[in-house]
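Below is one structure, written out as structure tokens; the observations come after it.
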2 protein chains.
Amino acid sequence: MKLTLVKSLYRETEKFANKSVKISGWVRTVRDSKSFGFIEINDGTFFKNIQIVFDDSLENFKDITKVAISSSLSVEGTVVLTPGSKQPFEIKAIKIVLEGKSSSDYPLQKKRHSLEYLRTIAHLRPRSNTFSAVFRVRSIAAFAVHKFFQEKGFVYANTPLITGSDCEGAGEMFRLTTLDLENVPKDENGKVDYSKDFFGKETNLTVSGQLSAETFALAFRNVYTFGPTFRAENSNTARHAAEFWMIEPEMAFAELKDYMDIAEDLVKYIIKYVLENAPEEMEFFNSFIDKGLFDRLDNVANSDFGRISYTEAVDILKKSGHEFQYPVEWGIDLQTEHERYLTEKVFKKPIFVTDYPKDIKAFYMRANEDGKTVAAADLLVPGVGEIVGGSQREERLAILEKRIDEMGLKKEDYWWYLELRKYGETKHSGFGLGFERILMYITGMTNIRDVIPFPRTTGSAEF
Amino acid sequence: MKLTLVKSLYRETEKFANKSVKISGWVRTVRDSKSFGFIEINDGTFFKNIQIVFDDSLENFKDITKVAISSSLSVEGTVVLTPGSKQPFEIKAIKIVLEGKSSSDYPLQKKRHSLEYLRTIAHLRPRSNTFSAVFRVRSIAAFAVHKFFQEKGFVYANTPLITGSDCEGAGEMFRLTTLDLENVPKDENGKVDYSKDFFGKETNLTVSGQLSAETFALAFRNVYTFGPTFRAENSNTARHAAEFWMIEPEMAFAELKDYMDIAEDLVKYIIKYVLENAPEEMEFFNSFIDKGLFDRLDNVANSDFGRISYTEAVDILKKSGHEFQYPVEWGIDLQTEHERYLTEKVFKKPIFVTDYPKDIKAFYMRANEDGKTVAAADLLVPGVGEIVGGSQREERLAILEKRIDEMGLKKEDYWWYLELRKYGETKHSGFGLGFERILMYITGMTNIRDVIPFPRTTGSAEF
């Protein structure tokens, strides 16, 4: 008999009513009295369990009442609709086979566990309700990202993670090597001899695919990256991981406004797609993780994002009368407290803040006419703060070279990046969206360690 | 006036006939005579260029005749159908604006360049016909992979690239560190003091997401990974890169046969999806890269893949009378020459070879009843050889432990992998498909360096 997936039973219940089916899955709970029993099974294809009713007409009745949680079973039986009860149907078993046994010390018994404890069993936590929901949503949100861009004709650019340049400038990097660290080879000056390393020179793990993605945007017009990114920053917070996933679109012939339009569409699209395609999981988050979740997501999905300049934002903050931990002055980098005040108290919806002072932004951002600011914009959302950062890129060769000089960087490190302009000074814009940031926003999970299957953070690379 | 994308002009030509449009793009060629000229522009959204006709009624006629290749232009004009000529339509310009200038020494002039030369300008090669086709196909094929699995309800598992275990056993690894290599800290025994490293211990870049993916399969049933993978192998061949992308599905309640069914469907799906969604690019490959391409792909997409056991395969090879460089005996690992002989000369279509001797396969593959072989299968395709490798995984705790002992591995290194079985001995299977391998197969490109945007190979990590 062919296996039926539990997802099909839930999505097309009527079709299966009173029919015989065979399912397989893992035991979540067992209850029994003398002559009958109930087993809840989860088969991995659906958030909800399915209830199996069985009785002592089964020859292995006694054995089945004793199966350990997380054993795998196959069950043949009849689908019986149960209107009015907690689950819309159950399966009356005529045959149950123990496919694979588990052990009575299975750590995920029915009682609730702390998220901290579950991190110590990251190999088993996807079997819990919370992490089953988190990681299915992660998968669905990832597909939403691809679908959004592919339907718009964007080319997916797989930029390299191993980088030979340490001039990306966005943070501290992990060194990559095949040298024997017990006995590092040195050159005649007593320095590390990288010519003996795998690539014949120093290499690191990338902190951003942006510079590479620009090479593709200037060929394909609209492109995006979506993959792992690394920061060797010693920040042990709930929002930082050493390995995380980034989405970095780049668009030729696009100005700052165009980037903001696309970023706004993307954020709304992901939220709507997840709400539509993971309704049970999202219901769970709204009920058990963050009771205001649906309201918050509706607000984002259905409002027009605000747009104000950095200068206006500073003005609003200074006039607010609110006492901030970090005082506000034109020229400072906005802190999370400022960002949250703007988006939560003032605008009560997501806003883009545009045109930041050039001195607090990266060398590749396009200089504005005023000589003081650059065409950059960050998207701030209620409850989190910054979720997207982006800019129009400086496409004018002479101005970019001057800026590289001013910042004390070396032009020869950027030879190919500069050649992109030498051979076509095409305006273009792009942005970065931290995938885990938006997952935390969508699920209500408050620690980045709980939206990454096996998180890597300062001092921790378990599993 | 709103910009129109060249892809729309080609896909819905009739709709635009005799209409005014504005497009932007990069100059590929310019020809002119005294009073009129032709410019071919590519706007990045479509493989083909669009021809612009202009004349000296434009006030900047002289300047436009002199623009350097790869300059960016915007053009307003009328779409004129040109039935019978090489391109189905052209644009009669009424206004041309030079958006961004290029330089006369632009390296991608119209003449043909060698693939080797183009690798030295990897930042510009996506602007050439060949690499525009390769990387658009790469993007479309990547989406096909996601679409295939998501439509079947598979969960996308983002397994970690940084690994604290060096027991994946599939190849040499890159060490990851933030220690100062000029001055490596040592412990009291004179060994490297990894407690001072970022993660407080030795870490490497993963060679496979399989073991982590199994944790997800035993929760979600059907899962897949799709992301970068690393090998620090010193093999300077046309088929090996240090950084490449892998697709690694894992399926619970699935046997070897089920893996073969899914892998066959996947390969056919990707081929068909690319043929449908990149017809111009595929036409180009078939005409200029590999004249037998369409025949070969049709054969794969429309034949039922063969399935024979390793033992049968060895038998066929021994009886073939063919003289191989490596002699064939039961127990040897099949070489590419053997694989290609089987799939090209004997079967003339893709075949799975199953049930390999256990001694040439990994510890996690499921032992067959015969005590000599394991439930593994490789997919061989004409023209390439092995393209997919997979197996049923050993789910029986006691047998897996014994196998780990036999192979001289340490059980404590695999504690969580063993616990997956302790808490549910569920049968499951999985496989790995090298993304670049199938891209080479689909495009006819013969060097892996030419299907990766910025390839990383022994001694080379440029850009």
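The values are calculated or read from the model by the stated rules, or taken from the named source; none is laboratory data. Note that the coordinates shown come from a computational prediction; the quantities given were computed from them, not determined experimentally. Don't worry about glycine lacking a Cβ; one is built from the backbone with ideal geometry, like all the others, and counts go over all protein chains shown. Heads up: the accessible areas ignore ligands, DNA and RNA and are worked out on the full protein's heavy atoms, side chains in. Shrake-Rupley method; radii C 1.70, N 1.55, O 1.52, S 1.80 Å.
May I ask you to verify whether A:Tyr273 is part of a helix (DSSP H, G or I) and over 14 Å from the mean Cα position of the chain (by Cα)?
Here the answer is yes, as A:Tyr273 does meet what is asked.
For a quick check of your reading of the model, give me the residue pairs whose first member lies in the stretch B:38-59 and is in contact (Cβ under 8 Å) with a residue 12 or more places away in the chain and within 12 Å of chain A (Cβ to nearest Cβ), whose second is open to solvent by less than 20 Å² (accessible area, probe 1.4 Å) and part of a loop (DSSP other than H, G, I, E, B), with beta-carbon atoms closer than 7 Å and at least 6 apart or on different chains.
Within 7 Å, the pairs are B:Asp43/A:Arg221; B:Gly44/A:Arg221; B:Thr45/A:Arg221.
Looking at A:Ala122 and the list (1) in contact (Cβ under 8 Å) with a residue 12 or more places away in the chain; (2) more than 29 Å from the chain's Cα centre (by Cα), which single condition is not satisfied?
(2)
Of the numbered conditions (1) assigned by the TED database to the domain that holds B:Gly430; (2) more than 25 Å from B:Leu266 (Cα to Cα), B:Ile140 fails exactly one; give the number of that condition.
Among (1) assigned by the TED database to the domain that holds B:Gly430; (2) more than 25 Å from B:Leu266 (Cα to Cα), B:Ile140 violates only (2).
Could you tell me whether the stretch A:394-407 includes any residue that is away from chain B (no Cβ under 14 Å) and closer than 30 Å to A:Glu280 by Cβ?
no
Hey, among A:Leu118, A:Leu58, A:Leu73, A:Leu108, which residue is buried (at least 16 other Cβ atoms within 10 Å of the Cβ), at pLDDT below 95 and under 24 Å from B:Glu425 (Cβ atoms)?
After applying the criteria, what remains is A:Leu108.
Could you look through the stretch B:82-105, keep only residues that are open to solvent by 60 Å² or more (accessible area, probe 1.4 Å) and hydrophobic (A, V, I, L, M, F, W, C), and pick out the one that is nearest to B:Arg28 (Cα to Cα)?
Per the stated criteria, the residue is B:Leu98.
Residues that are surrounded by 22 or more Cβ atoms within 10 Å (Cβ to Cβ) and within 20 Å of A:Ser128 (Cβ to Cβ): does the stretch A:1-16 have at least one?
Within the stretch A:1-16 (the criterion being surrounded by 22 or more Cβ atoms within 10 Å (Cβ to Cβ) and within 20 Å of A:Ser128 (Cβ to Cβ)), the answer is yes, since at least one residue qualifies.
Collect the residues in the stretch B:420-448 that are away from every other protein chain (no Cβ under 12 Å) and not hydrophobic (A, V, I, L, M, F, W, C), keeping them in residue-number order.
B:Ser429, B:Gly430, B:Gly432, B:Gly434, B:Arg437, B:Tyr441, B:Thr443, B:Gly444, B:Thr446, B:Asn447
Can you tell me which residues in the stretch B:1-32 are part of a strand (DSSP E or B), of a type in the set (Ser, Thr, Tyr) and within 36 Å of the chain's Cα centre (by Cα)?
B:Ser24, B:Thr29
Exactly one condition in (1) open to solvent by 20 Å² or more (accessible area, probe 1.4 Å); (2) assigned to a helix (DSSP H, G or I); (3) over 30 Å from A:Val97 (Cβ atoms) is not met by B:Phe285; state its number.
Checking B:Phe285 against (1) open to solvent by 20 Å² or more (accessible area, probe 1.4 Å); (2) assigned to a helix (DSSP H, G or I); (3) over 30 Å from A:Val97 (Cβ atoms), the one that fails is (1).
Can you tell me which of (1) modelled with pLDDT under 95; (2) over 21 Å from A:Gly153 (Cα atoms) is the one B:Ile94 doesn't meet?
(1)
Looking at this structure, is A:Leu181 touching a helix residue (DSSP H, G or I) at 6+ places or on another chain (Cβ under 8 Å), open to solvent by less than 10 Å² (accessible area, probe 1.4 Å) and more than 28 Å from A:Thr426 (Cβ to Cβ)?
Taking the combined requirement at face value, the residue satisfies it.
Please verify whether the stretch A:130-142 includes one or more residues that are in contact with a Ser or Thr (Cβ under 8 Å, 6 or more places away or on another chain), open to solvent by 10 Å² or more (accessible area, probe 1.4 Å), of a type outside the set (Lys, Arg) and within 22 Å of A:Lys48 (Cβ to Cβ).
Within the stretch A:130-142, the first condition is being in contact with a Ser or Thr (Cβ under 8 Å, 6 or more places away or on another chain), and the residues that meet it are A:133-134, A:137.
Filter again for open to solvent by 10 Å² or more (accessible area, probe 1.4 Å), leaving none.
The answer is no; no qualifying residue exists.
Can you tell me which residue is surrounded by the fewest Cβ atoms within 10 Å (Cβ to Cβ) among those in the stretch B:32-55 that are at pLDDT 95 or above and among the charged types (D, E, K, R)?
B:Asp55
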